[in-house]
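Everything on this sheet refers to the single structure shown next.
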Amino acid sequence: MDVLQILVAWFLLSLTGALAPGPLSAAVVMQASRRGKLHGMLPMLGHAIVELSIVSAIVLSVQSLTLSDFAINIMVGFGGFIVILFGLLALRDYRYSAPQESGMDENDTNAATMLGATAQGATVSIFSPYFLLWWFAIGLANVTLLISELQVGLGTVLIAAVLIYITHISTDFLFGAFLTVGSSEASKRAIAGGINWVNVIIGVFQVALGIWFIISIIL
């Protein structure tokens, strides 16, 4: 396979992770519905930072890292608690306030809120069982293989790793943009009885997802 074919195949494989519903998608929708499109994309930035660390670790040859069943259960259980926490935070803001009509309250948007939105994306990524299991089940082996194949054609591991990383996060940002635009517009129409139903739905979804993670390791 040539370089372009390899990257196209990796792009399609990466979509299996990007399109999976989970806490990161919920974070994007929650931020976009509360403070507008810019904040909606910031969780994806935090997610991309985490994935940069993962790809860097693979390049540094720690791809042989494996997890025991006990470690996976701990990861899933703790991840479930984190997801529930963010669900409760979404439910806390169930009331609609007038400044949200514009999709963004400029007085409530500052460096702290931007950092918080970015940190939320990083946090739910680190503690999301879906995310971590995808990387251990699919990402590690494939990135290792693809980097070694691309290295032959490009002559350097660094360029190969950069192309792999950019191709992968492009699927996340494309899907994030789709969610951001959709939820920002939907938030203007999902207001009834003074309640922001977007936040309510996202909050309930995340709490249910977190509980399911925890129950799955108990059973």
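The values are calculated or read from the model by the stated rules, or taken from the named source; none is laboratory data. All of these numbers come straight from a predicted model, not from anything done at the bench. Neighbour counts run over all protein chains shown; Cβ positions are idealised from the backbone, glycine included.
Under the condition of being among the aliphatic types (A, V, I, L, M), crowded, with 16+ Cβ neighbours inside 10 Å and at pLDDT below 75, the residues counted in the stretch 90-132 number 2. In the stretch 6-18, the residues that are touching a residue at least 24 places away in the same chain (Cβ under 8 Å) form Cβ pairs under 7 Å with partners that are of a type in the set (D, E, K, R) and crowded, with 20+ Cβ neighbours inside 10 Å, at six or more places apart or across chains, as follows: A18/D172. Residue pairs whose Cβ atoms lie under 6 Å apart, separated by 6 or more positions or on different chains, with the first residue in the stretch 197-219 and touching a residue at least 60 places away in the same chain (Cβ under 8 Å) and over 19 Å from A71 (Cβ atoms) and the second of a type in the set (D, E, K, R) and not in a helix (DSSP H, G or I), are N199/D93. Among residues belonging to the stretch 31-48 that are under 17 Å from F127 (Cβ atoms) and touching a Ser or Thr at 6+ places or on another chain (Cβ under 8 Å), point out the one that is surrounded by the most Cβ atoms within 10 Å (Cβ to Cβ). Residue satisfying both the conditions and the ranking: P43. For the stretch 10-24, residues that are in contact with a helix residue (DSSP H, G or I) (Cβ under 8 Å, 6 or more places away or on another chain) and closer than 13 Å to T171 by Cα total 10. The residue that is modelled with the highest pLDDT, counting only those in the stretch 139-184 that are touching a Ser or Thr at 6+ places or on another chain (Cβ under 7 Å) and under 22 Å from S33 (Cβ atoms), is L179.
Entry remark, the stretch 15-24: residues being surrounded by fewer than 24 Cβ atoms within 10 Å (Cβ to Cβ) and assigned to a helix (DSSP H, G or I) number 4 in total.
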